[in-house]
Amino acid sequence: MNPQLLRSILPAASLAALLVAIFWLQPRTMSYFGLNLLLNLAVPIALATVAQMFLLCVNDLDLSIGAFVSLVACIAATWLNDTPLLGIAALAALVAAYAGMGALIELRQLPSIVVTLGMSFVWLGLAVMVLPTPGGKAPDWIRTLMTLKPAFVPFPIIASILIALVVHFGLMRSSYGAVLRGAGGNPRSVARAGWSMLRVKVTMFALAGLFGVLSGIALIGLTTSADANIALRYTLLSIAGVILGGGEFVGGRVSPIGAVIGAMTLTLAGSFLSFLRLNPDWQIGAQGAILIIVLALRVLISRAEAKA
Amino acid sequence: MTALLRQPWIWSWLAALAVWLGIVGFTGGQGGMGVITAALTFAAFYVLVALGQMFVVTLGPGNVDLSIPACMTLAATVAMKLMAEANHLILLGLAAAILVGLAVGAVNYALIRLLSIPPIIATLSSSFLFQSAAIWYNRGLRIKPPRALADFSTGMAFGIPSLAVVVLAVSLLLHLVLTRTIYGRRVLAIGQNPRAAKLAGVPVERIRALTYVMCGLLAGLAGFLVAAFSGGAALNMGAEYLLSSIAVVVIGGTSVNGGFANVPGLWGAALFLFLLTTMLNTFGLGADLRLILTGLVIIAVIVAASGRRTAP
């Protein structure tokens, strides 16, 4: 089999392998409700992963996305429920803040790691301010949306496919999408070709903010109440998801479909480990091990590729 | 004076001084010295982990060690359990913490090299393993440090906290390593241009390996000292050092793109971060405002610092 093909199907193959293992361990999951439960939480993680992917695509890294999603969840569980207009305005302001962050990073040539790190304190502080104690209530329409029960195919699967396809066509198939990705590959040549790097960064950060907002809303629809630390682990999960899905760290080489698959793989990894009745002490470690194994496979494939 | 102002580390010291004056001004001069004593102890922890992180960051873009918190937790857990509160086992515990640190660094580098993955992802995935190992080894117990060790870590020497003395000595040593040894020069060379460094005969991979191992060692030592100071190892003890190690390095004037580093700035930045929190506490702000202002001030310092560093 040719290595290039192997490489491109690796993310999907890992997901399939994990799914088969889960079905084998716990056959009852092989049903509409089983899949629904297994993959429910994949939707907000997939959205956060896509947000992270937009920044990795232009060689930036977002260390604040977890805190940001938590903040959105807190706003959605309070203002968006009590005073919808204020809630919508606040969420729009958050997307604008992300765009502003992109502008600041580009104009002053700042390291995104440090800026997003500083912003993670700000998001967390705002989240504590909006919702000092865990609680709040998800607006009914979000709750309804996230608990939809369409016929035959569970909602999380439909939502994941939809997210993957929308971003795929926007980023991989559109002409401005090519510019955006090119800006990650070689910013100087994109700038020389007459494109504004400022506009590229602002667009990418705004998109990341938008998907971060969607992630928080999806999360609150599932959990029904929020707290300021609800999604902090999304920062690391989203980075891992992009990489699992075949994205590279530099050079604008990312894959939206892969990112969504990576997020689903990470979600399933948690369930898989609990079905294994693995000592809970090793749950986090096993996620790290899965990450390392997939990366090792990728290296083996690349070696084969180099030989071929 | 202008020569002094051109030093990359001066800004973090000025920022720290400004914040200290803010505290002293608010309290009317009360407790100014007490604040400095406390700041020296806590800054010492920040500096110790930031020293390792600084060398790693200096290797060039993409080099960051995200496993520092997990390494600290694991080293502290192993050391506290081995010492079992017995004074005569302190050296054994210290050796164990250092060995854990060395092993963590070696695993990190092996992953980076064998899997040829970016260090950020390698240290991220390995940190999951180390964290799990710490949880499994610890079993939720909180073992106190031996009496003598606890006394030492909270004690004073020459009028300043003894931990600060230890870390000052380590900083001085690593300052010399950075500026006066071949190893230090090679780290800087790799950060400035890895290709040129390689062509000039720098053993790039060996230097990278040494740097990651040293970072692990310092994190292990820091874990040991933090546990000794705070009455035992806790599973989340390292958490705050992930962000602060990076922030201290960058605020201290080390280039985040690699190739330029300095040790004095770490102390300025560490003092600044601690004093900033203290100042916001003194002003009586709530946790929410404290977090928001901390974040905004970090960004403001980075923005202010970026203007002068673009043209070296």
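Values quoted throughout were computed directly from the atomic coordinates according to the rules given, and no laboratory measurement underlies them. In this text the structure is predicted, and so the values were computed from the model without any measurement. Please note: Cβ atoms are built from the backbone with ideal geometry, for glycine as well, and neighbour counts cover all protein chains shown.
Numbers for the structure displayed
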item	result
Sites A:Gln26 and A:Leu222 - FRET efficiency at Förster radius 22 Å, r taken between beta-carbons, to 0.05	0.55
Theoretical gain in end-to-end length, B:Ala95 to B:Thr154 [0.36 nm per residue, Cα-Cα removed]	19.2 nm
Over the stretch B:172-287: Kirkwood hydrodynamic radius from C-alpha pairwise inverse distances, Å	16.3 Å
Rounded D (µm²/s) - the stretch A:62-172, Kirkwood Rh over Cα pairs, Stokes-Einstein at 37 °C, 0.692 mPa s	204 µm²/s
Nitroxide proxy distance, nm - points 7 Å out along Cα→Cβ at A:Ser189 and B:Ala304	4.1 nm
DSSP H segments from chain B that extend 30 Å or more along their own axis, Cα-based, with Kyte-Doolittle mean of -0.5 or above	B:32-58, B:90-114, B:204-229, B:287-309
Residues listed by number, the stretch B:202-245, amide nitrogen under 13 Å from B:Ile182 label point at 7 Å toward C-beta	B:202-204, B:207
Of A:Pro187, A:Pro150, A:Pro111, the one that fluctuates the most in a GNM where chain A has Cα springs shorter than 10 Å	A:Pro150
Inter-centroid distance (Cα atoms) of the stretch B:178-224 relative to the stretch A:7-36, Å	43 Å
Debye intensity ratio in log₁₀ form over the Cα atoms of chain B, taken at each q of 0.11, 0.13, 0.15 Å⁻¹	-0.68, -0.95, -1.24
Nearby aspartates and glutamates by direct alpha-carbon distance to B:Lys144 (threshold 14 angstrom, same-chain neighbours under 8 apart not counted)	B:Glu85
Computed Kirkwood radius, in angstrom, where 1/r is averaged over Cα pairs of the stretch B:63-218	17.3 Å
Sparse-neighbourhood loop sites, chymotrypsin sites (Phe, Trp or Tyr not before Pro) in the stretch B:87-162 - DSSP loop, at most 12 other Cβ within 10 angstrom	B:Phe158
Where trypsin sites (Lys or Arg not before Pro) in DSSP loops with at most 16 other Cβ within 10 Å are excluded, longest remaining stretch of chain B	B:143-312
Largest to smallest principal axis extent of the C-alpha atoms in the protein assembly as shown, angstrom	75, 58, 57
Residues of the stretch A:203-227 with amide N under 14 Å of a point placed 7 Å along Cα→Cβ from A:Val166	A:207-219
Length gained when the stretch A:Asn229-A:Glu305 is fully extended (0.36 nm per residue, less Cα-Cα span)	23.1 nm
All-pairs Cα distance distribution in the stretch A:28-112, expressed in whole percent, bin size 5 Å	3, 12, 16, 18, 16, 13, 11, 6, 3, 1, 0
Per-q log10 I(q)/I(0), the stretch A:38-277, q = 0.10 Å⁻¹ (Debye; single scatterer per alpha-carbon; no solvent)	-0.44
Evaluated at q = 0.12, 0.17, 0.28, 0.29 Å⁻¹: base-10 log I(q)/I(0), Debye formula over Cα of the stretch B:226-297	-0.42, -0.80, -1.17, -1.18
Relative compactness, the stretch B:54-147, computed as alpha-carbon Rg over 2.2 N^0.38 Å	1.19
Residues A:Glu248, A:Glu305 arranged by fewest to most Cβ contacts within 10 Å	A:Glu305, A:Glu248
Mean Kyte hydropathy of -1.0 or more with a Cα span along the axis of at least 30 Å, helices from DSSP in chain A	A:3-25, A:84-107, A:197-223, A:283-307
Separation of alpha-carbon centers, the stretch B:17-72 and the stretch A:244-269, rounded to whole Å	35 Å
